[in-house]
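Please read the structure below before turning to the comments.
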Amino acid sequence: MALNRDFVGRSYPPSAPYEVSRVKIREFATAIGDNNPLYRDKEAAQAAGYPDVIAPPTFPIVFSLQSGGEALADPGLGLNFAMVVHGEQRFEYVRPVIAGDELVTTATITDIRTAGSNELLTVRSDVTTVEGEPVCVTYNTIVERGGAA
Amino acid sequence: MTATVKYDQVEVGQELAAIDYHVRRSNLVMYAGASGDFNQIHWNERFAKMVGLPDVIAHGMYTMAQAGRYVTDWAGDPGAVVDFGVRFSSMVVVPDDDQGATITVSGVIEEKLGDKRVVVGLVARSGEAQVLSKARAVVQLS
């Protein structure tokens, strides 16, 4: 089923703050097999000029998926989750995510388009601290296989 | 927050050595837990085949994370990556055996920007398939 184009341009209310912990960064780094000390060792991170351990570049997927998820779960959109695969992903950084950050994500559906028999949908997530300092912007494009057929 | 690679020491066209990253089913289970992406296509073979996939496939974000690791290990400071984007052009099929799959990442300096930034073009392959395309990172060098 084609996705409902009326959803393009819809923004969703900011997420509840996501508290970035050292433990979660370490868990994520371990899961991707990355032993970089800046993800694990506060002293190493401070020696590199950061206030605390930093997160790998793809870490924001942990909380940005959740905020975008609400948009995608809206039955009016017509998305069949069983057929969804990830199409494209991008992270634009103002600064790295740092342990201790309290981050708020605001999701917007920026594009819905057809490519062959697939439907493509892009969610932009603006990530800031609770004080409003911009940290990064993520762009997540999902593919609904056969959605346009 | 300083990359160990110096802007003046890289040239456009310079190739970065390829590195192999291994992925087994257990890695996908760990990644599901750490990322919160519990889509069954990444751990349930029966479900994956039911929805028309050849087998369990890796999370695209797992593959992207390996490409990210490639760039951050090269740059010397993960915080030097200021922009990182990929297209998932093919699936990484992960069989249920002791070998799993291999993701091979390589890179090339595509462009030197102002302010000591460079564009690193990335290629990721698994078997014959190019699994990431349009993959690029902008890195702040010193």
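Every number here is computed from the coordinates shown, using simple stated rules; none is lab data. It should be emphasised that the depicted structure is a prediction, and the values quoted were computed from it without experimental measurement. All Cβ positions, glycine included, derive from the backbone under ideal geometry; neighbour counts span all protein chains shown.
How many Cβ atoms of partner chains, on average, are near each residue of A:92-98 if near means within 10 Å of its Cβ? Walk me through the intermediate numbers first.
Details: counts 5, 9, 1, 3, 7, 2, 1.
Mean inter-chain Cβ contacts per residue within 10 Å come to 4.
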Checklist line | q = 0.15, 0.23 Å⁻¹, segment A:50-149: log10 I(q)/I(0) [Debye, one scatterer per Cα] | finding: -0.62, -1.16
Check: When the Kirkwood hydrodynamic radius is evaluated over all pairs of different C-alpha atoms of segment B:72-142, what value in angstrom, to one decimal, is obtained?
Finding: 13.3
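If you put +1 on each Lys and Arg Cβ and -1 on each Asp and Glu Cβ, how big is the dipole of segment A:1-79 around its Cα centre, in Debye rounded to 20? Please list the in-between numbers first.
On the way: 7 positive and 9 negative charges, 10 e Å.
The dipole magnitude comes to about 40 debye.
In segment A:93-137, what GluC sites (Glu not before Pro) fall in a loop by DSSP, with at most 14 other Cβ atoms inside 10 Å?
Working: sites: A:GLU102, A:GLU119, A:GLU131; in loops: A:GLU131.
Passing sites in segment A:93-137 are A:GLU131.
Taking the Cβ of B:ALA80 as the center, what net charge do the other residues with Cβ under 13 Å away carry, scoring Lys and Arg +1 and Asp and Glu -1? Can you show the working numbers first?
Details: positive: A:ARG95, B:LYS6, B:LYS116, B:ARG117; negative: B:ASP73, B:ASP77, B:ASP83, B:ASP115.
Taking every other residue near B:ALA80 into account, the sum is 0.
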Item checked: Quotient of C-alpha Rg and 2.2 N^0.38 Å, computed over segment A:90-149 -> 1.42
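Report the semi-axes of the equivalent ellipsoid for the protein assembly as shown in whole Å, largest first, where each axis is √(5λ) for an eigenvalue λ of the Cα gyration tensor.
Values: eigenvalues 166, 106, 72 Å².
In descending order, the three semi-axes are 29, 23, 19 Å.
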Checklist line | Exposure proxy ranking, count of Cβ atoms within 10 Å, fewest first, for A:VAL135, B:VAL120 | finding: A:VAL135, B:VAL120
Next item on the list: List A:ASP126, B:ASP8, B:ASP98 from most exposed to least, where exposure is judged by having the fewest other Cβ atoms within 10 Å.
Entry: B:ASP98, B:ASP8, A:ASP126
Next item on the list: Within segment B:85-121, which residues have the backbone N less than 16 Å from the label spot 7 Å out from B:VAL12 along Cα→beta-carbon, could you tell me?
Entry: B:108-121
Margin query: Which lysines, if any, have their Cα less than 23 Å from the Cα of A:LYS42, not counting same-chain residues under 8 positions apart?
Written below: A:LYS24
Check: Averaged across the residues of A:35-41, what count of C-beta atoms belonging to other chains lies within 10 Å of each residue's C-beta?
Finding: 2
Notebook entry, point to check: Once the convex hull of the C-alpha atoms of chain B is built, how many Å³ does it hold per residue, rounded to a whole number?
Noted result: 106
Check: Want the number for A:ALA148 to A:SER21: 0.36 nm per residue separation, take away the alpha-carbon distance, what's left?
Finding: 41.6 nm
Check: Using the per-residue mean of other Cβ atoms lying within 10 Å as a proxy for protection, in what order, highest first, do the peptides B:34-43, B:105-114 fall?
Finding: B:34-43, B:105-114
Next item on the list: Compute the distance in nm between two label points, each set 7 Å from the Cα along the Cα-to-Cβ direction, one at B:SER133 and one at B:VAL29.
Entry: 3.4
Note to self: As a footprinting exposure proxy, order A:ILE61, B:ILE19, A:ILE109 by other Cβ within 10 Å, with the fewest listed first.
What the structure shows: B:ILE19, A:ILE109, A:ILE61
Checklist line | Integer Hz, Karplus 6.51/-1.76/1.60 couplings in order for segment A:134-149, x for Gly and Pro | finding: x, 10, 7, 10, 10, 10, 10, 10, 10, 10, 9, 5, x, x, 9, 6
Check: Roughly how many whole Å is it from the C-alpha centroid of segment A:111-128 to that of segment B:1-33?
Finding: 27
Check: Where does the protein assembly as shown land at 222 nm, in deg cm²/dmol rounded to the nearest 500, when only DSSP H runs of n ≥ 4 count, each adding -39500 (n - 2.57), divided by all residues?
Finding: -6500 deg cm²/dmol
Next item on the list: Please give the helix B:60-75 orientation as an angle from the longest Cα principal axis of chain B, in degrees from 0 to 90, rounded to the nearest 10.
Entry: 30
Item checked: Given charges at beta-carbon only (K, R positive; D, E negative), |dipole| of segment B:59-142 in Debye -> 380
Note to self: I need the per residue convex hull volume for segment A:1-69, using only the alpha carbons, in cubic angstrom as a whole number.
What the structure shows: 128
Margin query: Just checking the output field for A:50-61: average partner chain Cβ neighbours within 10 Å of each residue's Cβ?
Written below: 5
